[in-house]
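J.: Let me give you the structure first, and then I'll get to my questions.
Please treat every number below as a calculation from the coordinates, not as lab data. This one's a predicted model, so the numbers in the text were calculated from it and none came from an experiment. As a convention, Cβ positions derive from the backbone with ideal geometry for all residues, glycine included, and neighbour counts pool all protein chains shown.
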Amino acid sequence: MCIRDRVSIDKKLLLAMEELLENGEEFSTTTIDRLSETAGISRATFYLNYKDKADLVTHLFEQVRIEIIESAGDWFINAANTTYHDIRNTLKGILSTYRNHYVVLSALHQTAQTNSEVAKLSRDMRESLSHSSVKAAEQLKAAGRGNPLAGPMVASLLTLAIDSVSTLQPELLTDEKLDETCDAWA
């Protein structure tokens with residue numbers, strides 16, 4: 001199967017996931033038949049591309065993980081020169097990415113409850129982001145620009161809070177609340 005076909009199938013399944021979740025269905029209880037039907041693909045096409053729903057979530061999540069890291073911008077690369085405005089923009093970028101991919105992240109969270117591989121993937125992502133945040137906070141502090149009370153624990157807790165709130169309380173990331181949420185965390 002060519003890459004273009006796989007991208008098209010990914011998009012159809014992502015749209016189907018969004019539709020089902022918006023209609024109150026839980027990803028964890030949605031069947032592959034229901035997901036395929038909503039996506040307008042056959043069950044066989046689903047299985048040609050994925051082993052199961054966990055494989056689909058893992059595949060889609062990898063794309064989201066890369067986007068989350070990219071949305072952090074210079075914060076993870078050169079935090080020593082970061083200003084408050086930069087931190088706020090970084091938070092807005094990360095939170096917007098979480099908001100834009102809420103369906104995938106929600107499906108990941110639900111699947112992690114029953115699938116140890118997906119749970120490990122989710123945990124590894126949080127630990128990686130937390131490690132990058134701690135490193136950035138230490139750079140800022142070493143440059144004499146960080147809050148002396150904002151040590152590694154604060155950076156880790158902020159990362160975990162962003163992940164948790166973004167996945168479990170997406171109403172804090174609506175257009176009306178996004179700026180307020182960014183200001184509070186910055």
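J.: Say each of residue 86 and residue 11 gets a label point 7 Å from the Cα, pointing the same way as Cα to Cβ; how far apart are those two points in nm?
T.: The two pseudo-label positions are separated by 3.6 nm.
J.: Moving on to the next point. Write down the Å³ per residue value for the convex hull defined by the alpha carbon atoms of the range 92-186.
T.: 90 Å³
J.: Separate question: So if each residue of separation counts as 0.36 nm, and I subtract the Cα-Cα distance between residue 128 and residue 51, what length gain in nm does that give?
T.: 25.1 nm
J.: Pop out the Kirkwood hydrodynamic radius of the range 103-142 from its pairwise C-alpha distances, inverse of mean 1/r, in Å to one decimal.
T.: Every distinct Cα pair counted, the radius reaches 11.2 Å.
J.: Expected output is a single nm value to one decimal: the length gained when fully extending between residue 161 and residue 77, i.e. 0.36 nm times separation in residues minus the C-alpha distance. What is it?
T.: Contour length minus the Cα-Cα distance gives 28.1 nm.
J.: If you bin every alpha carbon distance in the range 136-185 into 10 Å steps from zero, what whole percent lands in each bin?
T.: 24, 42, 27, 7
J.: Another question, then. Based on the Kirkwood radius over alpha-carbon pairs, what is the Stokes-Einstein translational diffusion coefficient of the range 21-87 at 10 °C with 1.306 mPa s viscosity, in µm²/s?
T.: Calculated translational D: 107 µm²/s.
J.: May I pose another question? Checking a compactness column here: for the range 43-143, what do you get for Rg(Cα) / (2.2 N^0.38 Å), N being the number of residues?
T.: Compactness ratio reported: 1.27.
J.: Roughly what angle does helix 3-22 make with the longest principal axis of the chain, taking Cα atoms, 0 to 90 degrees, to the nearest 10?
T.: That works out to roughly 80 degrees.
J.: Dividing the Cα radius of gyration by the Kirkwood radius, what Rg/Rh value follows for the chain?
T.: For the chain, the value is 1.03.
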